Amino acid sequence: MDKKTGIVGLTGSFREAVADLPEGSKVVFTGSAAVCTPFIELLSYSIRDQGFEMVFIPNADKGEARKIKKQENIGMSVVDEAADPRNPDVVVVMGGLAMPKFGCPAEDVTAMIKEISDEDPLIIGVCFMGIFKRSGWDEKIHFNTIIDTTMETCVEEF
């Protein structure tokens, strides 16, 4: 287990997890709509220079797949342009899907991965505060890697 801190710890760990993928690989993210989207855009920004095709599947619903593209003077964004999620080299499962209020059953995610994959893609879980372990998803989904980040908030009022 390797421990890192801060945003750079999260993005750097993700970048390392996909470092062996060749240029042109397809990276498919799946997460809760709205809740996971900004984190997916942040993670995709960390690999923007790798020449990957990137796709977002909201709520594990492959019919809603959208492209992730670089937007000048903005960064990486999920755009309202349909994408083909089939044959991913890696599927990134975001922890928001494991949250009762925002997610779906783990079985929906594994079914979606099987539907879009001819071969076994690399499966990377990205979550906060141990949600995959707390929800039992670490035993239901065959992750190759789980990147689990802990957040701490301090509010100072003046």
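The values are calculated or read from the model by the stated rules, or taken from the named source; none is laboratory data. Bear in mind that the values here come from a model prediction, so they are computed numbers and not experimental data. A quick note on method: Cβ atoms are made from the backbone with ideal geometry, for glycine too, and the neighbour counts reach across all protein chains shown.
Just one of the listed residues (T153, T149, T145) is surrounded by fewer than 13 Cβ atoms within 10 Å (Cβ to Cβ) and of a type in the set (S, T, Y), namely T153.
Candidates in region 23-65 are the residues that are among the charged types (D, E, K, R) and over 12 Å from the mean Cα position of the chain (by Cα); of these, the one that is surrounded by the fewest Cβ atoms within 10 Å (Cβ to Cβ) is E23.
Whether any residue in region 56-65 is in contact with a Cys (Cβ under 7 Å, 6 or more places away or on another chain) and under 21 Å from A98 (Cα atoms) is what I want to check. Within region 56-65, one or more residues are in contact with a Cys (Cβ under 7 Å, 6 or more places away or on another chain) and under 21 Å from A98 (Cα atoms).
If you go through region 72-100 and keep only what is crowded, with 18+ Cβ neighbours inside 10 Å and either closer than 19 Å to I47 by Cα or touching a Pro at 6+ places or on another chain (Cβ under 8 Å) (or both), you end up with M76, S77, V78, A83, P85, P88, D89, V90, V91, V92, V93, M94. For region 115-128, residues that are exposed (fewer than 13 other Cβ atoms within 10 Å of the Cβ) and more than 24 Å from E64 (Cα to Cα) total 0. Restricted to strands (runs of 3 or more DSSP E) entirely inside region 1-97, those with at least 3 residues that are under 24 Å from D118 (Cα atoms), modelled with pLDDT of 95 or more and not aliphatic (A, V, I, L, M) are 26-31, 53-58. Scanning region 81-111 for residues that are closer than 12 Å to G31 by Cα, of a type in the set (A, V, I, L, M) and within 13 Å of the chain's Cα centre (by Cα) returns V91, V92, V93, M94, L97, A98, V109. Taking first residues from region 127-145 that are outside any strand (DSSP E or B) and partners that are charged (D, E, K, R) and crowded, with 17+ Cβ neighbours inside 10 Å, the Cβ contacts under 9 Å between residues at least 6 apart in sequence or on separate chains come to M129/D148; G130/D148; I131/D148; F132/D138; F132/D148; K133/D148.
Based on what the data block shows, is D120 of a type in the set (D, E, K, R) and in a loop (DSSP other than H, G, I, E, B)? Yes; evaluated as a whole, the condition is true for this residue. Would you check if D108 is part of a helix (DSSP H, G or I), surrounded by 13 or more Cβ atoms within 10 Å (Cβ to Cβ), in contact with a strand residue (DSSP E or B) (Cβ under 7 Å, 6 or more places away or on another chain) and among the charged types (D, E, K, R)? Taking the combined requirement at face value, the residue does not satisfy it.
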